[in-house]
Amino acid sequence: MDTIGFIGLGIMGAPMAGHLLDAGYTVVTTDHRSKPPADLVAKGLKVVTGNAAVAQAADIVITMVPDTPQVDEVLFGDNGVASGLSKGKLVIDMSSISPIATKEFARKINELGCDYLDAPVSGGEVGAKAASLTIMVGGEEKAFERARPVFDKMGKNVTLVGPNSVGQTTKVANQIVVALTIEAVAEALVFASKAGADPAKVRQALMGGLASSRILEVHGERMIKRTFDPGFRIELHQKDLNLALEGARSLGVSLPNTSTAQQLFNSCAANGGAKEDHSAMVRALERMAGHDVA
């Protein structure tokens, strides 16, 4: 089995790496920024110092960090992954970042004689813990086939959607759908609640019809129960919608409802909610309505 380097053991990365350890993979990480989770160390997680050391120890290096600048730093900064690679290794970025930057990252890694896959995920903390993530992959088929057994330990819906950067483009499209669906669910529950209906019973009724969705199921419940501890933070969804809007501008495409969703996230962030779960978008609509769903 390939030795896996895993950089970025946060809300998503930690359970993902845990599944790889449970499957019998040797997993290596760095203590560069923070102490690795104790439960993973107890499972056998190996810890080295620096990103280059991770690359030297691993056959496949996975990055799972918040944004484009962090991926750039991990891969190409001082003592970065690139400086520790040797020919034949595989780098997989599972972060959600710029498709344009991804093309450049892939080119640089390929020039070192290594393969590169962009493989962002959807499913949030719940999906990471359940190993049920959707994984959208961009890159060459031979690299994808090499990585497929690793992906299968972390997700259930794994698709090679095209060459490098297309995985990230697919993730941006995913985040548009998610944001607009959260907004629709929030509007519906605010409307129903202010009209005097029980939002919990309204949600239950809607779950049996065409309006049913995973977001109505999970995030609708969060809105009603006020459980906004982050599975996916508003500030991260803002970052993803920025990528969508920047891409739309460069393509000459109009995304009017994506812009509205971003403004609602901006309102939440301006009121101290940047680190809340993205289902807390409902708070922006509640402020405008003068009425809380709960």
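The values are calculated or read from the model by the stated rules, or taken from the named source; none is laboratory data. If you're wondering where the values come from, they're calculated on a predicted model, not measured in any experiment. Heads up, the Cβs are rebuilt from the backbone with ideal geometry, glycines too, and the neighbour counts pull from every protein chain shown. Protein only, heavy atoms only, side chains kept; ligands, DNA and RNA dropped before computing areas. Shrake-Rupley method; radii C 1.70, N 1.55, O 1.52, S 1.80 Å.
Just report the Cα centroid separation between segment 1-55 and segment 132-162, whole Å.
19 Å
Normalised by the number of residues in segment 1-129, what is the relative contact order in percent for Cα pairs under 8 Å and 6+ residues apart? Provide the component values of the computation, followed by the final result.
Working: 249 pairs, mean separation 31.1, N = 129.
Relative contact order for segment 1-129 comes out at 24 percent.
In whole Hz and in residue order, list the ³J(HN,Hα) couplings for segment 8-25 that follow from phi through the Karplus curve 6.51 cos²θ - 1.76 cosθ + 1.60, θ = phi - 60°; x for Gly and Pro.
x, 9, x, 4, 8, x, 4, x, 5, 5, x, 5, 5, 5, 4, 7, x, 6
Which of the peptides 209-222, 54-67 is most tightly packed, and how do the rest follow, going by the mean number of other Cβ atoms within 10 Å of each residue?
Highest-to-lowest ranking by the protection proxy: 54-67, 209-222.
Return P(r) of segment 1-141 (all Cα-Cα pairs; 10 Å bins starting at 0; whole %; ordered from short to long distances).
13, 47, 36, 5
Would you kindly derive the ³J(HN,Hα) couplings of segment 90-104 from the backbone phi angles with the Karplus curve 6.51 cos²θ - 1.76 cosθ + 1.60 (θ = phi - 60°), listing them in order in whole Hz, with x for Gly and Pro?
Each residue's phi maps through the Karplus curve to give 10, 10, 10, 9, 9, 6, 10, 9, 5, x, 5, 5, 4, 4, 5 Hz.
Hey, of (i) 5, 20, 23, 22, 17, 10, 3, 0; (ii) 6, 29, 38, 23, 3, 0; (iii) 6, 27, 32, 21, 10, 2, 0, which did the structure itself give for P(r) over Cα pairs in 10 Å bins from 0, in percent when calculated?
(iii)
Out of the total accessible area of the chain (probe 1.4 Å, heavy atoms of protein only), what percent is carbon and sulfur?
Summing carbon and sulfur atoms, their accessible area is 53 percent of the total for the chain.
Say each of ALA173 and GLU246 gets a label point 7 Å from the Cα, pointing the same way as Cα to Cβ; how far apart are those two points in nm?
The answer from the label model is 2.0 nm.
Apply the Karplus parameterisation 6.51 cos²θ - 1.76 cosθ + 1.60, with θ equal to phi minus 60°, to every residue of segment 195-211 and state each ³J(HN,Hα) to the nearest whole Hz, in sequence, with x for glycine and proline.
Karplus-based 3J(HN,Hα) across segment 195-211 equals 6, x, 7, 6, x, 5, 6, 4, 4, 4, 5, 5, 5, x, x, 5, 6 Hz.
Quote the relative contact order of the chain in percent (integer), defining contacts as alpha-carbon pairs under 8 Å separated by 6+ residues. Write down the numbers at each step before the final one.
Details: 549 pairs, mean separation 39.0, N = 294.
In percent, rounded to a whole number, it is 13.
Apply 1/(1 + (r/R0)^6) to the Cβ-Cβ distance of PHE191 and ASN266, taking R0 = 25 Å, and write down the FRET efficiency to the nearest 0.05.
Working from the Cβ atoms, E equals 0.70.
Please get the size of the charge dipole for the chain, origin at its Cα centre, with Cβ charges of +1 on Lys and Arg and -1 on Asp and Glu, quoted in debye to the nearest 20.
My answer is approximately 340 debye.
Would you mind checking which residues have amide H under 5 Å from GLY162's amide H? H placed 1.01 Å from N; only 5 or more apart, or other chain.
Sorted by chain and number, the residues that satisfy this are GLY139.
Taking the Cβ-Cβ separation of HIS291 and LEU210 as r and a Förster radius of 41 Å, what is the calculated FRET efficiency to the nearest 0.05?
0.95
With an 8 Å Cα cut-off and a minimum separation of 6 or more residues, compute the relative contact order for segment 175-259 in percent.
Values: 46 pairs, mean separation 29.9, N = 85.
Relative contact order for segment 175-259 comes out at 35 percent.
What do you get for trypsin sites (Lys or Arg not before Pro) in segment 223-253 restricted to DSSP loop and a cutoff of at most 13 other Cβ within 10 Å of the site's Cβ?
ARG226
What whole-number value in Å² describes the accessible area per residue of the chain for a 1.4 Å probe?
44 Å²
Distances over 20 Å make up what percent of all Cα-Cα pairs in segment 126-260?
Percentage above 20 Å: 58.
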